[in-house]
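*Asks:* Questions regarding the structure given below will be posed in turn.
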Amino acid sequence: MNTLAHIITELKSGVALAVALGDFLDAFYRAPDTALLADEPPLMEGKSGAAINAYLAGVAEHLAREYGLDIPGWVFDRQRYLRWPKFGNESAALRATLLSESPPAFRSRNIFITANALERASRRRVA
């Protein structure tokens, strides 16, 4: 099953985060289900691991809220929040946009992304 937790397995086998997340989002948008979010992804180590840990928690919380699903408890673990801001695009020119557009589930974790960062063609087909 293509769960959010499975993304970590994909990352460890060399799949890029954008590809693994895209595959997960396609599956989720086809059939939104709490079961796809429920299993806690193993924590990644290191600086980039901390960002991935927080990002996946943001994805789970955001999707659960957007689709009226149960929010998994694991998303609120303190290890799923960043101490310092992480911007989806490091361009100083885009920071104001990212600060204003970032969904609350990401902003609370100090992650700043565009409002449409989780958009996929599969979502537009289903919605």
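*Asks:* Could you please tell me which pairs satisfy a Cβ distance under 7 Å, a separation of 6+ or placement on different chains, a first residue in segment 102-127 that is farther than 17 Å from L17 by Cβ, and a second residue that is aromatic (F, W, Y) and at pLDDT 90 or above?
*Replies:* S102/F112; N110/Y81; N110/W84; S122/Y29; R123/Y29; V126/Y29
*Asks:* Since A57 meets every condition but one in (1) touching a Lys or Arg at 6+ places or on another chain (Cβ under 8 Å); (2) small (G, A, S); (3) not in a helix (DSSP H, G or I), which condition does it not meet?
*Replies:* Condition not satisfied by A57: (3).
*Asks:* Could you count how many residues in segment 21-36 are closer than 13 Å to I8 by Cα and crowded, with 20+ Cβ neighbours inside 10 Å?
*Replies:* Total satisfying the criteria: 2.
*Asks:* Now for a separate question. Between residues in segment 2-27 that are within 15 Å of I52 (Cα to Cα) and residues that are of a type in the set (S, T, N, Q), which pairs lie under 7 Å by C-beta distance while being six or more apart or on different chains?
*Replies:* F24/N2
*Asks:* While we're on this one: Quick check on segment 43-51. Is at least one of its residues buried (at least 17 other Cβ atoms within 10 Å of the Cβ), part of a helix (DSSP H, G or I) and either at pLDDT 95 or above or of a type in the set (S, T, Y) (or both)?
*Replies:* Yes: segment 43-51 contains one or more residues that are buried (at least 17 other Cβ atoms within 10 Å of the Cβ), part of a helix (DSSP H, G or I) and either at pLDDT 95 or above or of a type in the set (S, T, Y) (or both).
*Asks:* Can you spot a residue in segment 64-85 that is among the aromatic types (F, W, Y), touching a helix residue (DSSP H, G or I) at 6+ places or on another chain (Cβ under 8 Å) and in contact (Cβ under 8 Å) with a residue 60 or more places away in the chain?
*Replies:* No, because not a single residue in segment 64-85 is among the aromatic types (F, W, Y), touching a helix residue (DSSP H, G or I) at 6+ places or on another chain (Cβ under 8 Å) and in contact (Cβ under 8 Å) with a residue 60 or more places away in the chain.
*Asks:* Quick one: would you say L37 is in contact with an Asp or Glu (Cβ under 9 Å, 6 or more places away or on another chain), in contact (Cβ under 8 Å) with a residue 60 or more places away in the chain and either among the hydroxyl-bearing types (S, T, Y) or within 18 Å of A5 (Cβ to Cβ) (or both)? Can you show your working first?
*Replies:* Details: in contact with an Asp or Glu (Cβ under 9 Å, 6 or more places away or on another chain): yes; in contact (Cβ under 8 Å) with a residue 60 or more places away in the chain: no; either among the hydroxyl-bearing types (S, T, Y) or within 18 Å of A5 (Cβ to Cβ) (or both): yes.
In short, no.
*Asks:* Considering segment 79-99 alone, what residues qualify as being modelled with pLDDT of 90 or more and out of contact with any Phe, Trp or Tyr (no Cβ under 8 Å at 6 or more places or on another chain)?
*Replies:* Matches in segment 79-99: Q79, Y81, L82, R83, W84.
*Asks:* Take the residues in segment 1-20 that are crowded, with 18+ Cβ neighbours inside 10 Å and of a type in the set (G, A, S), then tell me which one is nearest to I71 (Cα to Cα).
*Replies:* Only one residue fits best here, namely A5.
*Asks:* Quick one: count up the residues across segment 1-25 that are in a helix (DSSP H, G or I) and either touching an Asp or Glu at 6+ places or on another chain (Cβ under 7 Å) or β-branched (V, I, T) (or both).
*Replies:* First, the residues of segment 1-25 that are in a helix (DSSP H, G or I): 6-12, 17-25.
Of the ones still in play, those that are also either touching an Asp or Glu at 6+ places or on another chain (Cβ under 7 Å) or β-branched (V, I, T) (or both) are 7-9, 19-20.
Qualifying residue count for the region: 5.
The values are calculated or read from the model by the stated rules, or taken from the named source; none is laboratory data. Note that the structure is predicted; figures quoted are calculated from it, not measured. Glycine also receives a Cβ, built like all others from the backbone with ideal geometry; neighbour counts cover every protein chain displayed.
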